[in-house]
Amino acid sequence: MACLRRLAQLCGVKSFRHFPPALRSAAMVFRSQHVVQLRAMSTESQDFAQFLHTVFTSPDLGTIAIENKCKNFCGFYRKLDDNCKTAFLSYLAQHYSINQDNVIQVAHTLTLAQERGEAFLVRSLERMRSAMTPRYQNLFQQIGRIEGGVKFLVDMRADLLNFTSSSTSELDSAHFQALSRLLQELLTLWFGVGFLHLQRVTWTSPCDLVQKISDFEAVHPIRSWRDLRQRVGSYRRCYTFTHNSMPREPVVVLHTALTSEISSNIHSIIHNPRFRAVTQASEDSQPNNSSVEPFEEEDPAQITTAVFYSITSTHRGLQGVEMGNYLIKRVVRELQSEFPHLSQFSSLSPIPGFRDWLVGQINLQLHRSNIGEGDSCQQLLTPSEIESLQPFRQSHHTSTLEAFKHLVQTNQWLAKEETVTAMKGPLLRLCARYLYKEKRRGFALNRVANFHLTNGAVLWRINYLADTSIRGLNQSCGLMVNYRYYLNETENNSTTYFQQQRIAVSPAVLELAESQESTDQSALQENGAH
């Protein structure tokens with residue numbers, strides 16, 4: 001009846017009896033549906049409670065019994081829809097986590113432990129460690145030992161991450177995070193570099209593996225079989241880490257271009273001029289050996305540089321499990337073995353989030369200007385940049401900065417050579433500022449930058465018109481960046497970044513990041529133009 005009382009309040013009547021006749025039947029339907037939902041939730045909770053009670057109280061009488069228990073758990077979970085999975089994991093986390101009463105009891109004994117000698121203290125600490133271990137941890141460890149168990153836990157952690165981000169319950173979020181952290185710790189152990197296998201993927205690799213490489217590519221999507229064939233063809237290397245417990249399942253993928261210099265735009269890699277064109281019929285359908293021309297034979301003398309242009313972690317459930325750094329190191333050794341004269345290693349990386357950050361900074365400056373806290377162009381555009389952009393200011397723009405914002409948001413600057421030239425200076429300079437100076441807890445704000453800087457790379461060069469696809473323009477105004485790996489400096493750079501939060505940067509990028517002319521005179525001119 002509580003639901004009807006609430007409905008009556010919303011309708012402005014005293015009780016159900018005062019409902020208009022037309023609403024009374026609808027209210028009864030609402031009440032019936034609400035009761036059905038409550039009963040269904042109650043039944044689900046009872047089912048979960050009974051099932052989990054069986055799982056956690058069944059004696060582990062040998063390997064077969066443990067394996068059957070784990071298979072039953074996995075099978076039960078897989079049959080649930082997302083709503084039921086959320087409720088199931090919430091019940092698991094709340095009822096089979098750390099026993100708080102045990103922890104309090106053991107903590108009490110610790111206060112007396114030192115008085116009873118070192119041996120008693122050691123035993124008490126061990127009891128505390130055991131009491132602080134969630135009951136579901138042992139179950140997850142057992143699941144990890146059965147066939148398909150590790151993949152199941154990876155997928156379940158992906159569910160947990162999704163449920164955590166969408167949960168409206170603070171308690172559920174806390175429980176989901178605890179479950180997720182424990183799974184991350186287990187997966188970090190199981191996916192250590194010693195358990196990973198480096199595999200090169202070529203056009204002759206198993207079809208399902210090649211297809212997964214295409215499906216998982218997130219940085220520069222593969223649009224056709226011709227495109228895919230090129231990515232694993234001549235002057236290209238595609239490497240992946242696989243795990244024994246997830247056979248034929250790439251867990252992280254690295255695409256590399258073999259060139260004579262460090263590439264400054266992605267189009268020179270994706271649209272490889274060395275690649276011999278295949279027949280039009282193979283563009284949208286899977287080609288066979290008779291429908292395509294052979295790959296061009298590589299000339300080792302022209303290969304001096306390895307450009308890492310895409311690295312993708314393929315499973316959300318492995319988020320936070322570091323493998324990309326190890327994959328790059330292994331690939332470097334592999335390429336050095338194949339091409340001993342290889343001397344340059346660099347990424348060609350996207351800059352996700354740059355345009356959003358830039359628009360946010362512009363809006364902030366425009367707001368400050370509107371409330372009288374200075375000129376809108378100060379701190380963002382230099383006098384020379386304002387002068388270059390002034391011709392593109394339209395009558396409805398209140399300032400040159402607003403015109404700049406319009407060009408950034410609409411991508412219209414790419415349509416004319418004049419605007420392409422005018423936009424180059426401010427975009428390169430502000431991007432350098434974003435990558436070098438914008439921090440989160442002392443480390444680079446941009447996640448891709450943080451990844452490569454953590455690995456010990458140098459913020460080496462920012463490239464204009466490097467990715468003029470819609471995706472590239474919307475992410476970063478068409479800019480890309482090279483993080484260069486000087487192999488004899490990576491360890492020191494990584495240590496410095498971790499300990500001192502200092503970014504290894506080339507002189508050219510540093511000059512861009514720190515260049516900011518005085519805007520006083522420009523501000524006066526701009527105010528006059530208002």
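The values are calculated or read from the model by the stated rules, or taken from the named source; none is laboratory data. Only a predicted model underlies this, so the values are computations on that prediction, with no experimental measurement involved. A quick note on method: Cβ atoms are made from the backbone with ideal geometry, for glycine too, and the neighbour counts reach across all protein chains shown.
At a glance:
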| item | result |
| --- | --- |
| Test: SER124 is in contact with a Leu (Cβ under 8 Å, 6 or more places away or on another chain), part of a helix (DSSP H, G or I), among the hydroxyl-bearing types (Ser, Thr, Tyr) and not assigned by TED's automatic domain parsing to the domain that holds LYS71 | yes |
| The range 404-413, subset at pLDDT 95 or above and assigned to a helix (DSSP H, G or I), residue surrounded by the most Cβ atoms within 10 Å (Cβ to Cβ) | PHE404 |
| Residue match in the range 254-270 (condition: modelled with pLDDT of 90 or more, under 27 Å from PHE191 (Cα atoms) and either in a loop (DSSP other than H, G, I, E, B) or in the same structural domain as MET480 (by TED's automatic domain parsing) (or both)) | no |
| Number of the condition not met by PHE295 [criteria: (1) at pLDDT 95 or above; (2) surrounded by 18 or more Cβ atoms within 10 Å (Cβ to Cβ)] | (1) |
| Selected residue (only one of LEU342, LEU380, LEU366 is in contact with a Ser or Thr (Cβ under 8 Å, 6 or more places away or on another chain) and outside any helix (DSSP H, G or I)) | LEU342 |
| Qualifying residue in the range 57-80 (condition: of a type outside the set (D, E, K, R), more than 14 Å from GLU147 (Cβ to Cβ), under 34 Å from the mean Cα position of the chain (by Cα) and not in a helix (DSSP H, G or I)) | yes |
| Residues within the range 221-256 that are farther than 30 Å from LEU153 by Cβ and in contact (Cβ under 8 Å) with a residue 60 or more places away in the chain, tallied | 9 |
| Helices (runs of 4 or more DSSP H) (entirely within the range 131-196) containing at least 3 residues that are assigned by TED's automatic domain parsing to the domain that holds ASN83, under 22 Å from VAL251 (Cβ atoms) and touching a Ser or Thr at 6+ places or on another chain (Cβ under 8 Å) | 149-166 |
| Per-region count, the range 130-149, residues farther than 18 Å from LEU89 by Cβ and of a type in the set (A, V, I, L, M, F, W, C) | 3 |
| Every pair of residues 6+ apart whose Cβ atoms lie under 6 Å, when the first sits in the range 99-110 and is on the phi < 0 side of the Ramachandran plot while the second is among the hydrophobic types (A, V, I, L, M, F, W, C) and in a helix (DSSP H, G or I) | ASN102/ALA131; VAL103/ALA131; VAL106/MET128; VAL106/ALA131 |
| Matching residues in the range 156-191 - criterion: being over 14 Å from GLY320 (Cβ atoms), surrounded by fewer than 17 Cβ atoms within 10 Å (Cβ to Cβ) and not hydroxyl-bearing (Ser, Thr, Tyr) | ASN162, GLU170, LEU171, ALA174, ALA178 |
| Condition met for ARG226 (of a type in the set (Lys, Arg), touching a His at 6+ places or on another chain (Cβ under 8 Å) and within 23 Å of PRO350 (Cβ to Cβ)) | no |
| Lone qualifier among ALA87, ALA119, ALA65, ALA93 - being outside the structural domain of THR164 (by TED's automatic domain parsing) and among the aliphatic types (A, V, I, L, M) | ALA119 |
| First in the range 316-345 and of a type in the set (A, V, I, L, M) and surrounded by fewer than 19 Cβ atoms within 10 Å (Cβ to Cβ), second anywhere and modelled with pLDDT of 95 or more and in a helix (DSSP H, G or I), Cβ under 8 Å, 6 or more apart | LEU342/LEU335; LEU342/GLN336 |
| Condition check for GLU373: modelled with pLDDT under 95 and surrounded by fewer than 23 Cβ atoms within 10 Å (Cβ to Cβ) | yes |
| Tally of residues being among the polar types (S, T, N, Q), more than 24 Å from ARG368 (Cβ to Cβ) and in contact (Cβ under 8 Å) with a residue 24 or more places away in the chain across the range 386-420 | 2 |
| Entirely in the range 424-519, the helices (runs of 4 or more DSSP H) that have 2 or more residues that are buried (at least 16 other Cβ atoms within 10 Å of the Cβ) and under 23 Å from the mean Cα position of the chain (by Cα) | 447-454, 470-476, 490-500 |
